[in-house]
Structure formats: C-alpha cells, structure tokens
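Working notes for the structure below.
The values are calculated or read from the model by the stated rules, or taken from the named source; none is laboratory data. These numbers come from a predicted model, not from an experiment. Every residue, glycine as well, gets a Cβ built from its backbone with ideal geometry; the counts of neighbours run over all protein chains shown.
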Amino acid sequence: MATTYIVILTYNGYADTHECLSSIAPLLNSQTHCVVVDNASRDDTVANVRRYFPQVTVIENSSNLGVPRGYNVGFRHALANGADAVLMLNNDTVLAPDMLQQLTQVSCTHNVGICVPIAYEYHRRERIWSAGASYRPFPPAFVMDNHITGQQRQLDYAIACCILITRRAFERVGLLDESIFFMWEDLEFCQRVRDAGLDIVQVPTAHMWHKVSQTTQPGKPLFWQMHGESSVLYFRRHSRWPRLAVAFNMGWFGLREFVLKGRPQFVPAFWAGLRSGWRKPLLPIPMP
C-alpha cells in the first residue's frame, strides 16, 4: 500500500488548524500520517496541536521561514520517512472523508505529478472556488478554473491550498522554490512539473472546502508587495525575456487590480515588490 503524508504549514490561527485537523484525524493510520510544520506561531498553535492531536507530528521552526521554505521542512520529513505522495494542505481547509483516497488512487497512475481536488468555498458549500488554474495569453492572467466535467482531466496549474504531489515529482523537479517568501510558489512548482513531462490531474470526485486567504490577507499592503516580488521571481526563472514578461503580465494585472477595481492605495506596495523581485537572488531549486 502507498504511504501518504499530509503536510500542513501553520502560522497562528489555531481555530482554523483545529477544524482542519479534526477532518483529517479519522484518516490517519499506519499508511497515512500528518505533519504540522509551525512557522513560529505566536499563539498556542503548537501546544494545542500536541494536546488535542497527539497522533500528529509537530515540527517547530524557530522563525517564520515563509511558505515554500516552511513546507519544504515538512516535505523533507515525509520523503525521508518513505512517503509515496505528500498532500500539501493549507490549515484553513476542511476535507471530505474520501478526498484523500480519491486523490491517492489517481496518484498511482503512471506519469502523474500532481492531483488536484475540487475546492469549494467554505461559507458557500456548493460554490466552486477552484478546480485548478490555466494561463490566458490575452489579456494575460493566470485564471482560476472552476470547470468540472465529471471526468479526470489535465490542468495547466494547481492552486496549492490542497494538492497531492507524488514522490516522482519531487525526485524529478525538486522541492518548492525558496527564493519566494509566499505567493506564486504553487504556479512556479507546477511549471517545473509540466516542464518535466509530468501530468497535473483534476480529480472531480475529490472534494474539500477552503476558507480562502485567512493568513495572506489581501486587504493589507504586504499581500500586494509579495504579489509583485514573487511574480518577478517566477518570470525570472521561467521566461526567456523576463523583463518583457513582467511588463506584459504585471502591467495588465496592475491596471485590472488598482485602476479597474479601484484599489490605488496598494500601488506603492506592489511597485516596491516588483523592485525587490529584481534585487533578490534567485536561489537554486532545493532537492529532497
């Protein structure tokens, strides 16, 4: 039987983590394990996870390492302990009882790199939030996909609130890009998976619910600063002409978000992020 590890990254917000782990606890057994990697939470997350979920392994980071570096701590632990697949999971999610089984069955298929469930909105239970994502050349955008057909199908990208990553994907393309602090790390990882010839598969029978942006908080300048910085890092790594790609893609993004949607107060933060994205070193992709 395949061994699966669920890796959850936490940074404060224990109430969400508790609900998430409550949906996971019945799934844990000798072949299914859960690891909570805590990015130096300032609340009682670590103590409460250990108290209420003793079957869950807790790894404490001494500081907030950011999203990719934090998740990589858990991924390395899972792979070192024989994981055949790793579920990368946000703490503000709730899983259907059979979701992991549905994904795991598909992950065993030849050439699968990532399996994607259907993510529904937590507060509107029947409304799809994401079923994957695709790139639209014009006007340029990474577009959330909310289309399901009832059949498995290949996707361009997966949105990493909940994705099952196979061991073969990690071994072929490495871990998450630690140049990024947060945002765009899922798009960047998926780009490498697809470039390696592996499939990203939507599994319509796998369901979960997502509270959406409980930690990243799009109403704050930091969200937009990281959007700018991480987008530059993505295009620096994956575009032959990164400056042109940033101008084309993020120029439209800025027009849409700050002018058409009336959020000009975030322009300085976004611009600061774009500039820091060019200055920040592009690190080698870490291997398991």
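Could we say that residue 256 is charged (D, E, K, R), without any contact (Cβ under 8 Å) to a residue 60 or more places away in the chain and out of contact with any strand residue (DSSP E or B) (no Cβ under 7 Å at 6 or more places or on another chain) here? So residue 256 fails the test. Scanning the range 10-41 for residues that are buried (at least 19 other Cβ atoms within 10 Å of the Cβ), among the small types (Gly, Ala, Ser) and touching a Leu at 6+ places or on another chain (Cβ under 9 Å) yields a total of 0. Inside the range 145-177, residues that are surrounded by fewer than 20 Cβ atoms within 10 Å (Cβ to Cβ), touching a residue at least 60 places away in the same chain (Cβ under 8 Å) and not basic (Lys, Arg) make up a count of 2. Per the listing 233, 282, 255, 244, the residue uniquely of a type in the set (A, V, I, L, M, F, W, C) and in a loop (DSSP other than H, G, I, E, B) is 282. Given the criteria modelled with pLDDT under 95, over 19 Å from residue 66 (Cβ atoms) and surrounded by 19 or more Cβ atoms within 10 Å (Cβ to Cβ), does residue 261 qualify? It is false that residue 261 is modelled with pLDDT under 95, over 19 Å from residue 66 (Cβ atoms) and surrounded by 19 or more Cβ atoms within 10 Å (Cβ to Cβ). Counting only strands (runs of 3 or more DSSP E) that sit completely within the range 81-178, those holding 2 or more residues that are in contact with a His (Cβ under 6 Å, 6 or more places away or on another chain) and closer than 21 Å to residue 189 by Cβ correspond to 112-121. Counting residues in the range 170-184 that are over 26 Å from residue 103 (Cα atoms), modelled with pLDDT of 95 or more and either of a type in the set (S, T, N, Q) or not assigned by TED's automatic domain parsing to the domain that holds residue 17 (or both) gives one or more. Within the range 74-87, being crowded, with 21+ Cβ neighbours inside 10 Å and either of a type in the set (S, T, N, Q) or out of contact with any Leu (no Cβ under 8 Å at 6 or more places or on another chain) (or both) holds for 78, 83.
Cβ separations smaller than 7 Å between residues 6+ apart or across chains give the following pairs from the range 232-253 residues that are closer than 14 Å to residue 135 by Cα and in the same structural domain as residue 275 (by TED's automatic domain parsing) to residues that are at pLDDT below 95 and surrounded by fewer than 13 Cβ atoms within 10 Å (Cβ to Cβ): 252/139.
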